[in-house]
1. Give the calculated FRET efficiency between H79 and D30 to the nearest 0.05, with a Förster radius of 30 Å applied to their Cβ-Cβ distance.
2. From the Cα trace of the chain, what convex hull volume per residue do you get, rounded to a whole Å³?
3. Roughly how big is the chain's charge dipole about its Cα centre, with Cβ charges of +1 (Lys, Arg) and -1 (Asp, Glu), in debye to the nearest 20?
4. Using DSSP to define loop residues, name the trypsin sites (Lys or Arg not before Pro) in the range 1-46 whose beta-carbon has at most 15 other beta-carbon atoms within 10 Å.
5. Provide, for the range 3-81, the number of lysine pairs with alpha carbons under 17 Å apart, each pair being eight or more places apart or on different chains.
6. By how many degrees, between 0 and 90 and to the nearest 10, does the Cα long axis of helix 70-81 differ from the longest principal axis of the chain?
7. Tell me the mean residue ellipticity at 222 nm calculated for the chain from its helices only (DSSP H runs of n ≥ 4, each -39500 (n - 2.57), averaged over every residue, nearest 500).
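Please treat every number below as a calculation from the coordinates, not as lab data. In this text the structure is predicted, and so the values were computed from the model without any measurement. No Cβ is skipped: glycine too gets one built from the backbone with ideal geometry, and neighbour counts run over all protein chains shown.
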Amino acid sequence: MPAVIRMQRQGARNSPNYIIVAVNKRGKRDGEYLEKLGQYFPKEKNPKAKLKVDQEALKIWQSKGAILSQTVGQLLKAHSKS
């Protein structure tokens, strides 16, 4: 079962927040997920509070062969620099 680490949209209109999840590659965008790995709040003023990720769980999923989506990869890269 190929897995992907991607974002799932939540929140009201004009007030989005996203959860970072490990999902089956063939699953729906907002369908069931295997595990919740973190949260992203794009409208948050404080840049440090925008992204919260469980690094241990992320490493475990990557060791199992899960692939990061392009968006999650860019987000993690930008957050690691700051």
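1. On the way: r = 23 Å, r/R0 = 0.77.
The computed FRET efficiency comes out at 0.80.
2. On the way: hull volume 7.4 nm³, N = 82.
Taking only Cα atoms, the chain has a hull volume of 90 Å³ per residue.
3. Values: 17 positive and 6 negative charges, 62 e Å.
Once rounded to the nearest 20, the dipole reads 300 debye.
4. Values: sites: R6, R9, R13, K25, R26, K28, R29, K36, K43, K45; in loops: R13, K25, R26, K28, R29, K43, K45.
Sites meeting the loop and neighbour criteria: R13, K25, R26, K28, R29, K43, K45.
5. For the range 3-81, the number of qualifying lysine pairs is 15.
6. That works out to roughly 60 degrees.
7. Details: 2 runs with 21 residues, N = 82.
Helices in the chain give a 222 nm mean residue ellipticity of -7500 deg cm²/dmol.
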